[in-house]
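Quick note: the coordinates plus some simple rules give every number you see, no bench work behind them. This one's a predicted model, so the numbers in the text were calculated from it and none came from an experiment. Cβ placement follows ideal geometry from the backbone for every residue including glycine, while neighbour counts extend to all protein chains displayed.
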């Protein structure tokens, strides 16, 4: 069941993460909630989904009320989650190293999203969407990393094309 959410959210983020800002923030909460619940509580799948949905809804509401804080938090959560997903796809599974990578990815996510918001949103939402899709597909490690990179490029291409069309309409 969580896999279907990963596929739907991943595809939505990959294609329209910049346009659907609230979805970007909600997906960050969902993805992080499921990932953290699976890592620490090893409980039933419904618990991971429930925690993910709760955190996603909370962050979406926060995005509407406190946009700047929500942007930074979403950048941190998606940046960290995406780097960990890529590291795991490449075979890195060490406990402490995963946390360090999550922290580094989160900090990079905050920096990117606050300095170049539109392009960072395109990149991070494409990366997160690609990671979610690959998790759904459950590919082997070498292939998983390659598919993440291919989907990342596809997502950036689609979303940057949408951005260019919006700029042309405004001129």
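Just to be sure I understand the model, the point goes 7 Å from the Cα along the line to the Cβ. What's the resulting residue 19 to residue 170 distance in nm?
1.6
Taking only C-alpha pairs under 8 Å that are 6+ residues apart, what is the relative contact order of the stretch 2-170 in percent?
In percent, rounded to a whole number, it is 29.
So what's the back-of-envelope 222 nm ellipticity for the chain, counting only DSSP H runs of four-plus at -39500 (n - 2.57) apiece and dividing by all residues, rounded to 500? It would help to have the intermediate numbers written out before the result.
Working: 7 runs with 151 residues, N = 171.
Mean residue ellipticity at 222 nm (helix-derived): -30500 deg cm²/dmol.
If you take the square roots of the eigenvalues of the alpha-carbon gyration tensor of the stretch 64-104 and sort them as a ≥ b ≥ c, do you get rounded (a/c under 1.5), prolate (a/b over b/c) or oblate? Could you put the intermediate results ahead of the total?
On the way: a/c = 4.90, a/b = 2.78, b/c = 1.77.
Because a/c hits 1.5 or more and a/b exceeds b/c, the stretch 64-104 counts as prolate.
Using only Cα atoms, figure out Rg for the stretch 1-153 and give it as a multiple of 2.2 N^0.38 Å. Please report the intermediate quantities before stating the final value.
On the way: Rg = 13.9 Å, N = 153, 2.2 N^0.38 = 14.9 Å.
In units of the 2.2 N^0.38 Å rule of thumb, it is 0.94.
Taking 0.36 nm per residue of separation and subtracting the Cα-Cα distance, what length does fully extending residue 96 through residue 47 add?
Values: separation 49, 0.36 × 49 = 17.64 nm, distance 2.45 nm.
Computed gain between residue 96 and residue 47 is 15.2 nm.
Over the chain, with a Gaussian network built from C-alpha contacts below 10 Å, which listed residue (75, 145, 17) shows the highest mean-square fluctuation?
145
Using only Cα atoms and rounding to the nearest 10 degrees, what angle (0 to 90) does helix 117-137 make with the longest principal axis of the chain?
So the helix axis and the longest Cα principal axis differ by about 40 degrees.
What order do you get for 37, 114 when you list them from fewest to most C-beta neighbours inside 10 Å?
Neighbour counts put them in this order, fewest first: 114, 37.
Which angle from 0 to 90°, rounded to the nearest 10, does the C-alpha axis of helix 95-115 make with the longest principal axis of the chain?
10
Among 170, 38, 118, which comes first, then next, by fewest other beta-carbon atoms within 10 Å? Spell out each step's value before the answer.
Details: 170 6, 38 16, 118 13.
Final ranking by Cβ density, sparse to dense: 170, 118, 38.
Select from 149, 25, 134 the residue whose mean-square fluctuation is largest in a Gaussian network model of the chain (Cα-Cα springs shorter than 10 Å).
149
Hey, in the GNM for the chain with a 10 angstrom Cα cutoff, which one of 103, 55, 47 fluctuates hardest?
Comparing 103, 55, 47 in the GNM, the peak value goes to 47.
Work out, step by step, the length gained on full extension between residue 146 and residue 111: first 0.36 nm times the residue separation, then minus their alpha carbon distance; give nm to one decimal. Can you show the working numbers first?
Details: separation 35, 0.36 × 35 = 12.60 nm, distance 2.56 nm.
In short, 10.0 nm is gained.
At a Förster radius of 35 Å, what calculated FRET efficiency corresponds to the Cβ-Cβ distance of residue 103 and residue 57, to the nearest 0.05? Each step should come with its number before you reach the end.
Details: r = 25 Å, r/R0 = 0.72.
Plugging the Cβ-Cβ distance into 1/(1 + (r/R0)^6) gives 0.90.
Is the shape of the stretch 21-102 rounded, prolate or oblate, going by the alpha carbon gyration tensor and its root eigenvalues a ≥ b ≥ c, with a/c under 1.5 for rounded and a/b larger than b/c for prolate? Let's see the in-between values first.
Working: a/c = 2.65, a/b = 1.40, b/c = 1.89.
Verdict is oblate for the stretch 21-102.
Please give the helix 2-16 orientation as an angle from the longest Cα principal axis of the chain, in degrees from 0 to 90, rounded to the nearest 10.
20
Taking a ≥ b ≥ c as the square roots of the eigenvalues of the Cα gyration tensor of the stretch 66-160, is the shape rounded (a/c under 1.5), prolate (a/b larger than b/c) or oblate? The partial results should precede the final answer.
Working: a/c = 2.50, a/b = 1.26, b/c = 1.99.
The shape class here is oblate.
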